[in-house]
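Asker: Here you go, one structure.
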Ligand SMILES: [Zn+2]
């Protein structure tokens with residue numbers, strides 16, 4: 001019985017010859033042993049060489065993807081290096097940026113298990129109360145994708161939905177109807193909270209130069225808002241001024257500097273939303 005590595009060699013060889021024959025447009029049974037003239041055999045071997053190196057390149061791409069997937073599921077550099085037959089430093093040089101991915105994935109999974117249902121319901125409510133448009137159509141497709149995704153793909157489907165929900169929530173014209181306006185505002189707050197909860201804390205730490213956008217306010221800004229009266233750029237706001245501004249139509253939460261802050265500010269600005277949800 002042959003070993004697995006023998007089988008790998010045989011399988012790679014067969015694949016390489018198949019590619020070579022296809023490259024040269026030869027018959028399926030053509031090969032190096034079929035008594036070809038030297039000139040033809042030479043072409044065949046050269047095509048095999050090209051094919052084998054293409055297979056090696058594909059394997060490199062697949063290996064990088066496997067290292068990434070393993071890292072997202074908790075493999076550290078020593079484990080990846082061990083699997084790849086190299087040192088930890090060697091693995092880090094070959095595939096940089098894999099440290100901490102498992103933490104990021106865990107943060108995402110935690111947010112989605114806690115808020116995923118609320119997010120999808122809210123996005124559906126926005127779609128039901130808004131008009132039609134290309135961005136809304138994309139968001140609708142993304143929500144359908146989440147429902148159809150396998151559990152393993154779901155987190156990626158959520159990621160895409162989040163991007164489109166953010167676009168819809170901050171760029172669609174604010175609906176005049178109060179229920180639609182609130183759904184749209186909540187969707188913006190949810191996406192802001194998702195990004196705050198999923199980013200690493202170091203990415204959120206440096207806020208020294210920021211001040212509340214309300215002139216003369218000494219309070220620490222905790223969120224960013226888009227306010228029609230400030231032009232369409234994000235403006236930092238402290239809790240008090242954020243709550244006050246969110247009472248004005250067309251104002252949107254677009255970012256939060258800490259997890260949970262966006263939703264608590266939104267709930268404070270819309271006390272009836274909290275009562276309707278019936279949750280603490
Ligand atoms: Zn302020």
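The values are calculated or read from the model by the stated rules, or taken from the named source; none is laboratory data. Because the structure is a prediction, the values reported are computed rather than measured. Glycine also receives a Cβ, built like all others from the backbone with ideal geometry; neighbour counts cover every protein chain displayed.
Asker: For residue 141, which of the numbered conditions (1) modelled with pLDDT under 90; (2) surrounded by fewer than 16 Cβ atoms within 10 Å (Cβ to Cβ) fails to hold?
Answerer: With (1) modelled with pLDDT under 90; (2) surrounded by fewer than 16 Cβ atoms within 10 Å (Cβ to Cβ) applied to residue 141, the lone miss is (1).
Asker: Go through region 257-269 and report how many residues are farther than 14 Å from residue 188 by Cβ and away from the ligand (no atom under 15 Å from the Cβ).
Answerer: 4
Asker: Let me ask another. What pairs come out if I take residues in region 236-254 that are in contact (Cβ under 8 Å) with a residue 12 or more places away in the chain and pair them with residues that are more than 15 Å from the ligand (Cβ to nearest atom) and part of a strand (DSSP E or B) whose C-beta lies under 9 Å away, six or more apart or interchain?
Answerer: Pairs found: 236/255; 246/252; 250/226; 251/226; 252/226; 253/226; 254/226.
Asker: Here's another thing I want to ask about it. Kindly check whether there is at least one residue in region 143-156 that is free of Cβ contacts under 8 Å to residues at least 60 places away in the same chain, closer than 30 Å to residue 231 by Cβ and out of contact with any helix residue (DSSP H, G or I) (no Cβ under 7 Å at 6 or more places or on another chain).
Answerer: Checked region 143-156: no residue is free of Cβ contacts under 8 Å to residues at least 60 places away in the same chain, closer than 30 Å to residue 231 by Cβ and out of contact with any helix residue (DSSP H, G or I) (no Cβ under 7 Å at 6 or more places or on another chain).
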